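Each remark here refers to the structure printed beneath this line.
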Amino acid sequence: MKNSPIDISFVIVNYNGFEDTSELLISLQKWSDQKYFSEIIVVDNGSKEDESKKIMEKFPEISVLRSSINLGFSGGYNLGISKSIGRYIMILNNDTIIVDNSLFGMIDFLDNNPIIGAASPKIYFSGQGNIIQYAGFTELSPITLRNRAIGYLETEKDLYNNPEKTFFTHGAAMIIRREIIEKVGLLPDIFFLYYEELDWCYRIRAAGYEIWYYSHAKIIHKESRSTGSGDTYLKKYYKTRNRLLLAKTNRKGINKYLSFIYLISVAATKDIISSLFKGRFDLIKASFIAIFDFINLKTK
């Protein structure tokens, strides 16, 4: 793909989010950098209404794919990636907004640093001025799988204005080399929703490449529009199950089993007790079913 005429393929997944997707597409077209050749692919991922038709009518120059079923975060992006031809692929949540042409600078950054397999820009919360959501991630702890989003809820600081090697990209906005995907595979669709980009980053790093935070590019993220704000059954189920899956796929030996013990006997139990005090029996059910499904290796 080095000879592809397309420098970057923007892949966006839409799920019952026509208005958000439209706002993103308008901003992406507004700030398109003519120095680079790009394509935009939108996957309508099982929306209740076939929103692909509305997207095609409003944006006839954009490639739109339709899946009649919800393929999840991974499956939706994988469908779009499989139809893309760019040297680089940039996945964008449909609830992000482009504010300038700085994302295109990531192409030159990766061109000049072949050791970098994937990167994410600086991400700001929507409607909160210069409050940062992402300026890199720390490594996950060996047993509890806890880590920290660098810069999270902090205001703009010089500390976060330099590109830095980091441990994980942010799933809301990440660029990856096509040849990396050819080496490590597509997003792991076993996760369906949540933590799949962390698993992907582990595989990228295992292949000998680095993950970077690119501070000179920025984007705004509305966050959690498709799953709803606050605790929901969907969030509780997939986050509980997928933490266990992440331990299964990325921990070895005694650490794997210690992680299983912690995530079930401590983390999940704490969540269940908290949900009980809140009267959220739906969340209690989600936690139990998530653990049951993990044990029985149900993946969707």
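The values are calculated or read from the model by the stated rules, or taken from the named source; none is laboratory data. Quick caveat: nothing in here was measured; it's all calculated off a predicted structure. When we count neighbours, we look across all protein chains shown, and the Cβ atoms used for this are built from the backbone with ideal geometry, even at glycine. Side chains included, ligands, DNA and RNA excluded: accessible areas come from the protein's heavy atoms. Shrake-Rupley method; radii C 1.70, N 1.55, O 1.52, S 1.80 Å.
Using a simple spin-label model with pseudo-atoms 7 Å out from Cα toward Cβ, Val99 and Lys53 lie 3.7 nm apart.
Computed from label points 7 Å out along Cα-Cβ, the spacing between Ala207 and Asp108 is 2.6 nm.
Checking the table Lys48/Lys236; Lys48/Lys285; Lys53/Lys122; Lys53/Lys183; Lys35/Lys222; Lys48/Lys218 against a 30 Å threshold on Cα-Cα, which pairs fail?
On the way: Lys48/Lys236 22 Å; Lys48/Lys285 25 Å; Lys53/Lys122 32 Å; Lys53/Lys183 34 Å; Lys35/Lys222 28 Å; Lys48/Lys218 32 Å.
In this structure, Lys53/Lys122; Lys53/Lys183; Lys48/Lys218 lie more than 30 Å apart at Cα.
Highest mean packing comes first when the peptides 259-271, 194-206, 173-185 are listed by Cβ atoms within 10 Å, giving 194-206, 173-185, 259-271.
Shape class for the range 74-170: rounded, because the ratio a/c of the largest to smallest gyration tensor axis (alpha-carbon atoms, square roots of eigenvalues) is under 1.5. Using only the Cα atoms of the range 1-43, build the gyration tensor, take square roots of its eigenvalues as a ≥ b ≥ c, and label the shape rounded, prolate or oblate: rounded if a/c is under 1.5, else prolate if a/b is larger than b/c, else oblate. Here the range 1-43 falls in the oblate category.
The residues of the range 236-300 expose, per residue, 57 Å² of accessible area to a 1.4 Å probe. Estimated from helices alone, the mean residue ellipticity of the chain at 222 nm is -11000 deg cm²/dmol (sum of -39500 (n - 2.57) over DSSP H runs with n ≥ 4, per residue). The amide H of Asn14, built 1.01 Å from its N in the peptide plane, has Val43, Asp44, Asn45 as neighbours under 5 Å, considering only residues 5 or more places off or on other chains.
From the square roots a ≥ b ≥ c of the eigenvalues of the alpha-carbon gyration tensor of the range 195-271, which class results: rounded (a/c under 1.5), prolate (a/b over b/c), or oblate?
oblate
Report in % the part of the accessible area of the chain that belongs to carbon and sulfur, leaving out ligands and nucleic acids; probe 1.4 Å. With neighbouring chains kept in place, the figure for the chain is 56 percent. In this simple spin-label model, placing a label point 7 Å from the Cα along the Cα-to-Cβ direction at both Leu159 and Tyr257 gives a separation of 4.0 nm.
Pairing the Cα long axis of helix 233-250 with the longest principal axis of the chain, what angle in degrees results, from 0 to 90 and rounded to the nearest 10? In the chain, helix 233-250 runs at an angle near 90 degrees to the longest axis. Here Gln34 and Val266 are evaluated by their C-beta separation; at R0 = 41 Å the FRET efficiency comes out at 0.15. For the pair Asn147 and Phe281, a Förster radius of 41 Å applied to the C-beta separation gives a FRET efficiency near 0.85, rounded to the nearest 0.05.
With R₀ fixed at 30 Å, the C-beta to C-beta distance from Lys83 to Ile26 puts the FRET efficiency at about 0.85.
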